[in-house]
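Notes to accompany the following structure.
The values are calculated or read from the model by the stated rules, or taken from the named source; none is laboratory data. Bear in mind the structure is a predicted one, so any value in this text is a computation, not a measurement. Reconstructed Cβ throughout: ideal geometry from the backbone, glycine too, with neighbour counts over all protein chains shown. Side chains included, ligands, DNA and RNA excluded: accessible areas come from the protein's heavy atoms. Shrake-Rupley method; radii C 1.70, N 1.55, O 1.52, S 1.80 Å.
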Amino acid sequence: MEKHSEHPVPTPDPSETSPAGQTSTKISRRHFLKLSGGGAVSTVILSTGLRAKAAAMPPDVEVFSGNVPLQLKVNGQRRSLTVEPRTTLLSALRNQLEVTGCKEVCNRGECGACTVLLNGRPVLACMMLALDAAGREIVTVEGLVQNGKLDPVQQAFVDRDALMCGFCTPGFVMSVRALLDRNPNPTAAEVRQAVAGNLCRCGTYPRVFEAALAAAKSAGGKRG
Ligand code: FES
Ligand code: FES
């Protein structure tokens with residue numbers, strides 16, 4: 001499910017590494033969707049019957065079953081874990097790796113609280129399987145802090161008091177960080193567009209927009 005253009009649903013890059021040592025079967029996405037009646041997924045889990053059918057399909061999608069050893073690169077560190085194939089990236093980060101900056105709020109792609117950067121692009125961690133993040137650079141809000149110093153976006157949120165309960169804040173920070181990485185001098189309209197997939201129940205939007213523009217001004221909005 002794609003919330004908007006700033007939060008694309010990740011798709012697997014065939015050139016990237018899959019979790020090591022796994023037995024996989026490959027089927028085409030179209031055939032899998034026909035078989036399962038499911039939504040847009042990339043790494044999939046099939047019952048034995050479906051897997052047998054999948055074996056006959058053209059190669060396109062990798063199929064995993066059982067517990068899968070996985071390595072994720074999170075905030076510059078390689079982390080090893082074992083996941084069920086159905087495990088979302090958000091669950092792996094929060095529940096297994098104890099990286100809790102990304103928040104679980106709706107857990108269905110609607111609020112943006114779980115936003116992390118994947119190879120520099122903002123994605124919804126609740127809508128992505130952990131297996132699909134293998135071989136990619138994952139950055140969470142914790143990873144923006146360098147040598148104990150807040151990222152300019154984080155500092156601007158603090159300075160502008162751009163939060164109340166704070167549940168939405170890491171998601172907003174990551175969306176703004178991604179915006180400034182590709183566009184250091186955004187307009188107010190571009191800021192609004194960049195955070196359009198992030199919801200705040202406390203209504204801090206005006207301060208969030210202010211903070212984003214302030215971060216863009218400070219040090220050109222670049223990371224510290
Ligand atoms: S928790 Fe992922 S979009 Fe709401
Ligand atoms: S500060 Fe409470 S949800 Fe945004």
Whole-percent carbon and sulfur contribution to the accessible surface of the stretch 65-169 (1.4 Å, no ligands, DNA or RNA) stands at 42 percent
Sorting Met127, Met164, Met174 on solvent-accessible surface, 1.4 Å probe, most exposed first, gives Met164, Met127, Met174
Rounded to one decimal in nm, the spacing of the 7 Å Cα→Cβ label points at Leu81 and Glu98 is 1.3 nm
Quick note, the stretch 97-210: a/c under 1.5 would make it rounded; otherwise a/b > b/c is prolate and the rest oblate (a ≥ b ≥ c, C-alpha gyration tensor); here it is rounded
Total charge of the residues flanking Pro184 in space, meaning their Cβ is under 12 Å from its Cβ, with Lys and Arg +1 and Asp and Glu -1, is +3
